[in-house]
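The values are calculated or read from the model by the stated rules, or taken from the named source; none is laboratory data. Here the structure is a predicted model, which means the values were calculated and not measured. Every residue, glycine as well, gets a Cβ built from its backbone with ideal geometry; the counts of neighbours run over all protein chains shown.
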Amino acid sequence: MHKRVCLHQIAYIDRSTTAFVEHCREIGVRHMTLVTPLLMQDGGLDEAQAALTTPDPHVAVVNHPIGMGTDLERAGSEETDKLMQAIDIAASLGARAIYLVSGGRGSLLWEDAAARFAELVAPCLSVAKDKGVQLLVETASDFNVDIHIAHTLDDTIRLAEIAGIGVCLELHACWFEGGLKEKFARAIPNTGLVQVSDYVLGDRTAPCRAVPGDGVIPLEHLLGDILEAGYRGVFDLELVGPRIVEEGAASATRRAAENLSAILDRLGA
């Protein structure tokens, strides 16, 4: 397996963290993204730490949602407190980044929602830096407008700049945009994670991820441009939706990791 392949826990969200870690170990994936909704449960962090008995796989990234039970219009200091907790968790696991779901905008204008997101994150910036954890914000499908505000790569870059944090470049949410090579060149110096999956034409569900190679996203071309722009981090497979469930998480994630590994080998990553 290519050393830069990373697997996201979302595909195993209905299984234990222990089962997910063991699966990554079995298929040879060296990097993982774990999620705070599980890590913050009673005993969740202890379970993860107990499962991490070997150097590989290791936790490269933690995913943390802001305002999942509310929105940015109503979110208060408790969201900042939870992010502080997420930073502590990430540092204790050796993760070098947390990528954030921003929270929905409520009735706020985009600019006001972005300013509120930045206010919530601001007290955490120096703490994250001191602990060696980079904060990122992702691009997410506009199907997720209830929980996120950055639905194009341009808006993700802009939101990251407003908040003073980095970018999580989610290809599934931006592969269809024009001028991507130029946008990659702008984003990559501040990008801490690239997320990979595929899309099959005609899928109308949300989420609607597919195993790389099963759909139409020109992944090899896009990943080549991302590498050319200087990205040196891991490539995170975030697989969720009916196609993944129908095939089964174990099979789908194994195929995805093998297919992504082959692409990265061809690209000389």
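Rundown of residues vs (1) at pLDDT 95 or above; (2) at positive phi; (3) not charged (D, E, K, R), yes/no style:
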position: Met40; (1), (2), (3): yes, no, yes
position: Gln49; (1), (2), (3): yes, no, yes
position: Thr53; (1), (2), (3): no, no, yes
position: Pro57; (1), (2), (3): yes, no, yes
position: Val61; (1), (2), (3): yes, no, yes
position: Glu73; (1), (2), (3): no, no, no
position: Gly76; (1), (2), (3): no, no, yes
position: Thr80; (1), (2), (3): yes, no, yes
position: Gln85; (1), (2), (3): yes, no, yes
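Regarding Arg96, is this residue closer than 29 Å to Val21 by Cβ, of a type in the set (Lys, Arg) and at pLDDT 95 or above?
Considered against the rule, which asks whether it is closer than 29 Å to Val21 by Cβ, of a type in the set (Lys, Arg) and at pLDDT 95 or above, Arg96 comes out as yes.
Return yes when Glu78 is closer than 16 Å to Ala163 by Cα and not in a loop (DSSP other than H, G, I, E, B) and no when it is not.
Here the answer is no, as Glu78 does not meet what is asked.
Filter segment 132-157 for residues that are more than 22 Å from Pro207 (Cα to Cα) and either of a type in the set (A, V, I, L, M) or in contact with a Ser or Thr (Cβ under 9 Å, 6 or more places away or on another chain) (or both) and give the result.
Val133, Leu135, Ile157
Condition test on Gly104, is it exposed (fewer than 15 other Cβ atoms within 10 Å of the Cβ) and assigned to a loop (DSSP other than H, G, I, E, B)?
The answer is no for Gly104.
Mind checking which pairs have a first residue in segment 1-14 that is farther than 16 Å from Pro207 by Cβ and modelled with pLDDT of 95 or more and a second that is among the acidic types (Asp, Glu) and surrounded by 24 or more Cβ atoms within 10 Å (Cβ to Cβ), Cβ under 7 Å, 6 or more apart or different chains?
Cys6/Asp236
Could you tell me which numbered condition Asp146 fails, if it satisfies all but one of (1) surrounded by 22 or more Cβ atoms within 10 Å (Cβ to Cβ); (2) in contact (Cβ under 8 Å) with a residue 60 or more places away in the chain?
(1) is the only condition that Asp146 fails.
So if I check each of Arg243, Arg209, which one is basic (Lys, Arg), under 22 Å from Ile98 (Cα atoms) and at pLDDT 95 or above?
Arg209
Give the number of residues within segment 112-143 that are touching an Asp or Glu at 6+ places or on another chain (Cβ under 9 Å), polar (S, T, N, Q) and either surrounded by fewer than 18 Cβ atoms within 10 Å (Cβ to Cβ) or assigned to a helix (DSSP H, G or I) (or both).
Summing the residues that are touching an Asp or Glu at 6+ places or on another chain (Cβ under 9 Å), polar (S, T, N, Q) and either surrounded by fewer than 18 Cβ atoms within 10 Å (Cβ to Cβ) or assigned to a helix (DSSP H, G or I) (or both) in segment 112-143 gives 1.
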